[in-house]
Amino acid sequence: MIAETLRRFVADELPIDARNKAAYGERGHDPAAWARLAELGIAGALFPEDAGGFGGHGFDIAVLFEELGRGLVVEPFLGSLMAGRALAVTGDHDRLAAIVAGETIVAFAHDEAGADEVADIAVRADRAGDGWRIEGTKIVVPHGEAAGLLLVTARTAGEAGERDGVSLFLVDPSDPGVTRRGYTNIDGGRSADIGFDAAPATLVGGEGAGAAAIEAATDAGLLALSAEALGAMEVVRDLTLDYLRTRQQFGVAIGKFQALQHRMADLLLEIEQARSAVINAAAAFDEPTSSARSRALAAAKYTAGRIGRMVAEEAVQLHGGIGMTWELPLSHYAKRLVMIDHQLGDEDHHLARYIALGRDAQGS
Amino acid sequence: MNLNDTAEQAAFRLEVQQFLRDKLPRRLADKVRTGRRLGKADMEEWHAILNERGWLATHWPREWGGTGWDVVERHIFEEEAALAYAPRILPFGINMLGPVLLKFGTDAQKRHWLPRILDGTDWWCQGYSEPGAGSDLAGLKTSAVRDGDHYVVNGQKTWTTLAQYADMIFCLVRTDNSGKKQDGISFLLIDMRSPGIEVRPIRLLDGEAEVNEVFFTDVRVPVENLVGEENQGWTIAKYLLTYERTNIAGVGASQAALEQLKAVARTQRRGGRALIDDPLFAARLARVEIDLANMATTNLRVIAAAAGGGAPGAESSMLKIKGTIIRQEITDLYRRAFGAHARPFVEEALEDGWNEEPIGPDEAAPAAAGYFNNRKLSIFGGSNEIQKGIITKAILGL
């Protein structure tokens, strides 16, 4: 039902022109739309009742993000989801309530240059008096500029790659120790590289015990991005099918050419495979942590990357030159589909992870 | 077959390499290597350098200011220039219109237009595609109606590359509607400053405006700007296509792009090691490298056949398909190589005069845009689907 509400809202308030204006504009999203989405309580679907929401199951997340993908929505839901899931693990319910209510835009600042595993954290936090100070750089943080609050992963002990010694911190981005370099993403929305120079920080959760919370955030993010990709693929499929039916060349609709028909058929069946991958991941998401659960999430993100690229490239090719134009919604969907593979690890990363997790399961 | 240069060819290759070392401006090569945007002045600068050496018109005979090179020498030059990251020669005047005028033009037309192509007086663009005539090019509707010693042109062209810089456009126009659609087409040279012409940029998905729509409203064109006979345009267009498709494999350019990709893969990191040592990425890289090595030899086989007197026909369709797929795969790996930092898009960073700190690795800025922009390779110049149709008919006889 919440998905239906969201779909109507997107159709009415965030059609592609409005989306593009916001997505490629100065703020990288539409604050008025975000406020309205908060009023509608959309983010509540991403969290269980004990975290102040009314959903939070794998399928709740998948259905919502599929809708966001269909609408190519650039509002900061991913940050809410990931930071919120992490805070739910650490038990910071006051902050969480503000996120669930959509009152705070929060960015989950985790990724670092050259890092790909959850524990690949080189940014450091050190005690200073009765608080903490953070030093280092996080990269391509979605809505890092717009965020009123940063949830930052940092190392309080050990070396990059070690699971122990990782902690979570809340940082006020307006502190002079925080430098945000914002930019537009090629697929819309804005991100930021964020530098911390002895920035004051508040520890959340146990010192050195943040890995589980980071994994909770990342797992939810993988499911969300896979579902978002699925939503975008479905729109691309419909747009391309419509084009094949209406574009005339050689006196007939180009959809009459068998070579193109078969390629469209391939798209259809691959997108169904992507849907099944999301279903597998959503079902596994609610299970206790296990390598089978992690494999399902890796499989979904791998599938979203592989099929997302194929759908984007084939749809542009089947459209011909017009498919490359800014004017057509298709080109923006194609960009988003390809760029999802540049968030939270690409298809190769998740394929390797899938293999490694399988090896672990066999070895145990 | 012999894949090695003869002694003369080897000497020629050294001469080309020496020229590129001496004359190719570092600034231009860096732009090409890293995928930053070339401006009009950049392209004109490189044309002027080549023209000064007499190496601009590689398809033209010496008497008209060309190099008179044979197909192997042309290949060596194109390969070496690409490997040195030289800007590509703009094809519209040099490689498309030039050969057409040499074959179909009157003496007066050759004497007037050819020198102006060489010295850059006229920047040419190509008026072929229309909104309703893309793959079905012969379905074009832009009309030219004779009125005394002028044609009056009405209609619209689209996907016109760099029309915003052009002084002149060569166009396929409809001069007869009575018979087969291929039989009523003529080849016309039109001054872009004529009253009634309007150029509107088309913004592409990466923000770039390199293609345009060109509108013609009662544009008057002197009849002496007709090339060949009236209604002979389709024959001319087909002849031009054989030139449009020379060097279509782009072997040198892909080899150069692959070297750049490897350089980046050696510095980027994944899983605690250099990206180039990541097994999955290494496999992707190896596949495309093997594909490219194979195609380089396919290309040489086609060249050898042409040098032996055969004309490359449907073989160029094979090269176009394979060449574009390989190039696109390289651009795909290039964007992958930058991971999260492929996503930031600061358009100014692709242009001259941007002096800010890069976001992430220096080379990351154009990677994603280059990948998206190069989707065009399999669409323009006869889409890969059209090329497969040609292979189906001309080689397979189906």
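The values are calculated or read from the model by the stated rules, or taken from the named source; none is laboratory data. Being a predicted model, the structure only gives us computed values, none of them experimental. Note: ideal-geometry Cβ built from the backbone for every residue, glycine included; neighbour counts use all protein chains shown. Just so you know, the surface numbers come from the protein's heavy atoms only, side chains and all, with ligands and any DNA or RNA stripped out. Shrake-Rupley method; radii C 1.70, N 1.55, O 1.52, S 1.80 Å.
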Check which residues have an amide H placed less than 5 Å from A:V140's amide H, if you skip close sequence neighbours.
A:A192, A:D193, A:I194
With -39,500 (n - 2.57) per DSSP H segment of 4 or more residues and division by the full residue count of the protein assembly as shown, the 222 nm estimate, nearest 500 deg cm²/dmol, is -15500 deg cm²/dmol
Give me the Debye-computed log₁₀ of I(q)/I(0) at q = 0.13, 0.17, 0.18, 0.20 Å⁻¹ for the stretch B:250-396, equal point scatterers on Cα only, no solvent, two decimals.
-0.68, -0.99, -1.06, -1.19
Quick check for me: using +1 on Lys/Arg Cβ and -1 on Asp/Glu Cβ, what's the dipole size of chain B about its Cα centre, in debye to the nearest 20?
1080 debye
Net charge near A:G56 (other residues with Cβ under 11 Å of its Cβ; Lys, Arg +1; Asp, Glu -1) is -3
How large is the Kirkwood hydrodynamic radius of the protein assembly as shown, counting all unique pairs of alpha carbons, in Å?
28.1 Å
Of A:D341, A:D116, A:D187, the most mobile residue in a GNM of chain A (C-alpha springs, cutoff 10 Å) is A:D116
In the stretch B:115-168, with Lys and Arg counted as +1 and Asp and Glu as -1 at Cβ, which of these residues, B:G134, B:G148, B:W124, has the Cα nearest the positive end of the dipole, that is, farthest along it?
B:G134
Nearest-0.05 FRET efficiency for B:E357 and A:K256, computed from C-beta distance (R0 51 Å)
0.45
Phi angles of the stretch B:48-60, converted by Karplus (6.51 cos²θ - 1.76 cosθ + 1.60, θ = phi - 60°) into ³J(HN,Hα) in whole Hz with x for Gly and Pro, give 5, 5, 5, 5, 4, 7, x, 10, 7, 9, 6, 9, 9
How large is the translational diffusion coefficient of the stretch A:2-105 in µm² per second when you combine the Kirkwood radius over alpha carbon pairs with Stokes-Einstein at 37 °C and 0.692 mPa s?
240 µm²/s
Using alpha-carbon coordinates, inclination of helix B:251-267 to the longest axis of chain B, degrees:
30 degrees
What translational D, rounded to a whole number of µm²/s, comes out for chain A from Stokes-Einstein when the hydrodynamic radius is the Kirkwood one over Cα pairs, at 25 °C and 0.890 mPa s?
117 µm²/s
In a shell of Cβ-Cβ distance under 11 Å around A:F9, excluding A:F9 itself, what net charge do Lys and Arg (+1) and Asp and Glu (-1) give?
-3
Could I get the Rg over Rh figure for the stretch A:212-363? Both from C-alpha atoms, Rh via Kirkwood, rounded to two places.
1.07
Relative contact order, percent, chain B [alpha-carbon distance under 8 Å, six or more residues apart]
14 percent
Can I get the semi-axes of the stretch A:108-206's equivalent ellipsoid? Compute them from the C-alpha gyration tensor as square roots of 5 times the eigenvalues, in angstrom, largest first.
21, 16, 10
Taking every DSSP beta bridge with both residues inside the protein assembly as shown, roughly what % is antiparallel (nearest 5)?
85 percent
3J(HN,Hα) from dihedral phi, the stretch B:285-297, Karplus parametrisation 6.51/-1.76/1.60, rounded to Hz, x for glycine, proline
5, 5, 4, 6, 5, 5, 4, 5, 4, 5, 5, 4, 6
Chain A: most fluctuating residue of A:H143, A:H110, A:H262 per GNM, C-alpha cutoff 10 Å
A:H262
What residues qualify as long-range amide H neighbours of B:R270, i.e. H under 5 Å apart, gap of 5 or more or another chain, H built at 1.01 Å from N?
B:L275
Find, among the trypsin sites (Lys or Arg not before Pro) in the stretch B:186-274, those assigned to loop by DSSP (not H, G, I, E, B) with at most 12 other beta-carbon atoms within 10 angstrom.
B:R193
Square roots of five times the Cα gyration tensor eigenvalues for the stretch A:60-136, Å
27, 18, 11
Taking the Cα centre of the stretch A:209-364 as the origin and placing charges on Cβ (Lys, Arg +1; Asp, Glu -1), which of A:G308, A:V278, A:A298 is farthest toward the positive end of the dipole?
A:G308
If N is the number of residues in the stretch B:1-125, what value comes out of its Cα radius of gyration divided by 2.2 N^0.38 Å?
1.10
Starting from the Cα of B:K322, draw a straight line to each of the lysines and keep only those under 30 Å, dropping any in the same chain fewer than 8 residues away.
A:K256, A:K301, A:K335, B:K31, B:K40, B:K103, B:K157, B:K238, B:K262, B:K376, B:K388, B:K393
Cα-only Rg/Rh for the stretch B:92-164 with Kirkwood Rh rounds to 1.00
For the stretch B:68-118 and the stretch A:6-72, distance of Cα centres in Å:
55 Å
Per residue, how large is the accessible surface of chain A? Use a 1.4 angstrom probe and give square angstrom.
38 Å²
Any residue on another chain or 5+ positions along whose placed amide H is under 5 Å from the amide H of A:N185 is listed here as A:R190, A:S191, B:F345
Restricting things to alpha carbons, find the Rg to Rh ratio for chain B using the Kirkwood radius for Rh.
0.97
Using Cα-Cα distances under 8 Å and only pairs 6 or more residues apart, what relative contact order does the stretch B:240-382 have, in percent?
27 percent
Give me the percent relative contact order of the stretch A:305-362, please, defined on Cα pairs under 8 angstrom at least 6 residues apart.
35 percent
Could you run the Karplus curve 6.51 cos²θ - 1.76 cosθ + 1.60 with θ = phi - 60° over the stretch A:176-192 and give me ³J(HN,Hα) per residue in whole Hz, x for Gly and Pro?
x, x, 10, 10, 10, 9, x, 7, 7, 7, 5, 9, x, x, 10, 10, 8
Which of A:P48, A:P176, A:P329 ends up with the largest GNM mean-square fluctuation for chain A, with Cα atoms connected below 10 Å?
A:P176
On the principal axes of its Cα set, how long, how wide and how thick is the stretch B:183-267? Give whole Å, largest value first.
59, 30, 19
